[in-house]
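Each reported figure results from applying straightforward, stated rules to the coordinates on display, with no laboratory input. Model, not experiment: these values are computed from the prediction. Reconstructed Cβ throughout: ideal geometry from the backbone, glycine too, with neighbour counts over all protein chains shown.
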Amino acid sequence: MNGSRSIQSVVSHSIAATFFALTAGSANAQIGQVTWTLNGVSQFASGESASGSFTVDPAMAPGAPPGTAGVMVAWEIAVAGGTNPLIPSVTFSGNDSGCLLFCAQLSNNRSHDGGASLVIFRTPLSPDNTYYQLGLAIFATAPDALIFPTSEELPLITPDFHIPASTNIAFEQYDPSANQVRPLARSDLQAGGSVVIAAAVPEPAAVELLVAGLAVIGAGCVMRRSAPGTRPSQLVLKS
């Protein structure tokens with residue numbers, strides 16, 4: 001009888017340890033890097049389309065500067081040109097440098113934007129002070145929906161949303177003497193389009209906890225088999 005109780009205790013503790021490991025691992029994954037992929041972003045006014053993805057790191061959010069530019073850790077967005085010669089095919093890359101103020105920035109949901117979170121990508125500033133910009137206006141009711149996601153897909157805002165912000169591709173020129181930006185061309189997304197989340201990247205600690213939990217289960221099974229006078233099915237059926 002004492003042997004049976006001891007084995008039950010081991011199994012119970014094993015299950016608890018595994019549950020703890022999985023729970024901790026899941027929580028840890030929530031603060032891992034999060035990748036969003038553009039989906040169906042192909043109906044711009046001048047026939048352009050955009051594809052690619054960007055990655056944010058929630059762990060960097062507490063120390064990020066205003067505008068949360070610090071949470072953007074990787075991006076690769078390709079724009080295919082349309083009928084407007086001022087907006088050719090262009091790529092926005094996490095390897096870019098020398099952009100005006102920033103190469104990528106995420107601004108959280110602001111009330112005057114009507115529920116829009118804005119993600120802006122820029123190419124490096126050219127010798128004539130021109131650059132290309134892709135602005136993703138993402139409809140998100142929660143301020144941190146892109147950093148701490150609760151939905152697998154978020155729609156991109158188009159003019160029919162009747163919200164001040166809108167997803168667009170722009171060609172602009174910076175005037176350093178006046179410290180102003182002059183728009184040269186712009187093409188707004190007309191319909192459809194969204195960003196879709198990929199699986200969060202677990203941090204190493206999550207994997208370590210899972211392995212530890214499985215190891216405890218393994219030890220419990222070894223002890224269970226070594227107990228005399230009990231059959232494997234006896235404890236499997238007990239709650």
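Once the other residues with Cβ under 15 Å from the Cβ of GLN190 are scored (Lys, Arg +1; Asp, Glu -1), what is the net sum? Walk me through the numbers before you get to the answer.
Working: positive: ARG186; negative: GLU48, ASP160, ASP188.
So the environment of GLN190 carries a net charge of -2.
Quick one: which residues, 5+ away or cross-chain, put their amide H under 5 Å from the amide H of PHE44? H built at 1.01 Å from N.
GLN190
Distance in nm between label sites at SER151 and ASN129, each 7 Å beyond Cα in the beta-carbon direction?
Label at SER151, label at ASN129, 4.0 nm between them.
With viscosity set to 1.567 mPa s at 4 °C, what whole-number translational diffusion coefficient in µm²/s follows for the range 29-197 from Stokes-Einstein and a Kirkwood radius over Cα pairs? Write out the running numbers ahead of the final one.
On the way: Rh = 16.1 Å.
The calculation lands on 80 µm²/s.
Net charge near ASP96, counting Lys/Arg +1 and Asp/Glu -1 over other residues with Cβ under 11 Å of its Cβ? Present the calculation step by step, with values, prior to reporting the outcome.
Numbers: positive: ARG122; negative: GLU76.
Summing Lys/Arg as +1 and Asp/Glu as -1 gives 0.
Taking θ = phi - 60°, what integer Hz values does the Karplus form 6.51 cos²θ - 1.76 cosθ + 1.60 yield along the range 161-168, in sequence order, with x for Gly and Pro?
Karplus values, whole Hz, x for Gly and Pro: 6, 6, 10, x, 7, 7, 6, 7.
Counting other Cβ atoms within 10 Å, keep those with at most 10, restrict to DSSP loop, and tell me which trypsin sites (Lys or Arg not before Pro) in the range 81-190 are left.
Numbers: sites: ARG110, ARG122, ARG186; in loops: none.
Of the trypsin sites (Lys or Arg not before Pro), not one in the loops of the range 81-190 has a Cβ with at most 10 other Cβ atoms within 10 Å.
Could you check the simple spin-label distance between VAL181 and SER53, using points 7 Å along Cα→Cβ, in nm with one decimal?
If labels sit at VAL181 and SER53, their model points lie 2.7 nm apart.
If neighbour count is taken as other Cβ atoms inside 10 Å, put SER42, SER151, SER117 in order from fewest to most. Spell out each step's value before the answer.
On the way: SER42 18, SER151 12, SER117 27.
Listing SER42, SER151, SER117 from fewest to most nearby Cβ atoms yields SER151, SER42, SER117.
Would you order GLU153, GLU76 from fewest to most other beta-carbon atoms within 10 Å of each residue's own beta-carbon? Working shown, then result.
Numbers: GLU153 12, GLU76 15.
By the 10 Å Cβ count, ascending: GLU153, GLU76.
If each residue of separation counts as 0.36 nm, what is the full-extension length gain between GLN190 and ASP96 once their alpha-carbon separation is subtracted?
On the way: separation 94, 0.36 × 94 = 33.84 nm, distance 2.81 nm.
Computed gain between GLN190 and ASP96 is 31.0 nm.
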